[in-house]
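Scroll down for the structure; my scribbles are underneath it.
The values are calculated or read from the model by the stated rules, or taken from the named source; none is laboratory data. Bear in mind the structure is a predicted one, so any value in this text is a computation, not a measurement. When we count neighbours, we look across all protein chains shown, and the Cβ atoms used for this are built from the backbone with ideal geometry, even at glycine. Note: accessible area is taken over every heavy atom of the protein model, side chains too, but ligands, DNA and RNA are not part of it. Shrake-Rupley method; radii C 1.70, N 1.55, O 1.52, S 1.80 Å.
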Amino acid sequence: MATTLPIKISFSLPEGWQAAPPDEVGAPGVAFVALHPASIDGFTANITIAGRMRNDSATMWQIADESVQRLAEAGTVEVVKKTEVGTPDIPGLTDSPGVVQNLRLSTTLRGEPLELLQSQVYLGMEDVKNPAKRVVIELVLTAKPTQLDEVIEDFKTFLRTVRPADETPA
């Protein structure tokens, strides 16, 4: 079942991407899915957004590791690269550092072997009233290796548009 994000965010999809209902495209547990129809090649490249409240002391690095463990239940997962973003020297979308990790997944789709690449971005936003609580937003691009060159720049463009929604009237 599709979920909602614990906070409101705003973003813009690059040209050529279309929003799709998460439950209808087999993406339960995420709040938003965008598909890239031009990349269809037995698999449609996609961007997903998920998020949840956390009240533990897990670092973003550890939260990214949790994703690898979940994905490993469906097939082989290789962490290709993992980097911290949003440090004071390299500002990100939030005040606290996030993590970007790139994965290679070996799984099956309709009984056929499938290799996928994922770029996962994890961002945290602390509750100003209770720093022990925070929201973790997960932004993910999934594509076949043959699709990646066509969609990676779009994903980077998309990431630059993600912001906490401004709930105050102008």
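Ordered from largest to smallest accessible area (heavy atoms of protein chains, 1.4 Å probe), the residues 156, 81 come out as 81, 156.
Pairs of lysines in the stretch 1-144 whose Cα atoms sit within less than 23 Å of one another amount to 4, provided the residues are eight or more positions apart or on different chains. Using a probe radius of 1.4 angstrom, the carbon and sulfur fraction of the accessible surface of the chain is 53%.
Would you mind working out the magnitude of the charge dipole of the chain relative to its Cα centre, with +1 at each Lys and Arg C-beta and -1 at each Asp and Glu C-beta, to the nearest 20 Debye?
About 320 debye.
To the nearest ten degrees, helix 60-72 and the longest principal axis of the Cα atoms of the chain are 30 degrees apart.
Net length available on complete extension from residue 76 to residue 129 is 15.0 nm, with 0.36 nm assigned per residue and the Cα-Cα distance removed. Rounded to the nearest 0.05, the FRET efficiency derived from the C-beta distance between residue 149 and residue 53 at R0 = 45 Å is 0.80. Residue ranking by accessible heavy-atom surface, 1.4 Å probe, largest first, among 117, 109 comes out as 109, 117. Could you give the angle, 0 to 90 degrees to the nearest 10, between helix 145-161's Cα long axis and the longest principal axis of the Cα atoms of the chain? With rounding to tens, the tilt is 20 degrees. A cut-off of 5 Å between modelled amide H atoms, ignoring neighbours fewer than 5 places along the same chain, links residue 31 with 3, 49, 50, 51. With all protein chains in place and ligands, DNA and RNA left out, the 1.4 Å accessible area ranks 146, 3 as 146, 3, largest first.
Extension gain for the segment residue 38 to residue 61, taken as residue separation times 0.36 nm less the Cα-Cα distance, is 5.0 nm to one decimal.
In the chain, the calculated helix contribution to ellipticity at 222 nm averages -6000 deg cm²/dmol per residue, counting -39,500 (n - 2.57) for every DSSP H run with n ≥ 4. Since only 146, 36, 118 are under comparison, the one whose Cα sits farthest along the positive direction of the charge dipole of the chain, derived from C-beta charges on Lys, Arg, Asp and Glu, is 118. Here the spin labels are modelled as points 7 Å beyond Cα on the Cα-Cβ line, and at residue 165 and residue 104 they lie 3.9 nm apart.
Summary: within the chain, the longest segment free of GluC sites (Glu not before Pro) located in DSSP loops with at most 13 other C-beta atoms within 10 Å is 74-166.
The slack in the chain from residue 23 to residue 2, taken as 0.36 nm per residue of separation less the alpha-carbon distance, amounts to 7.0 nm. Distance from the Cα centroid of the stretch 96-170 to that of the stretch 60-77 is 14 Å (rounded to whole angstrom). Note that the chain presents 57 Å² accessible area per residue, ligands and nucleic acids not counted, probe 1.4 Å. When the chain is described by a simple charge dipole with +1 on each Lys and Arg Cβ and -1 on each Asp and Glu Cβ, the residue from 48, 106, 18 located farthest towards its positive end is 48.
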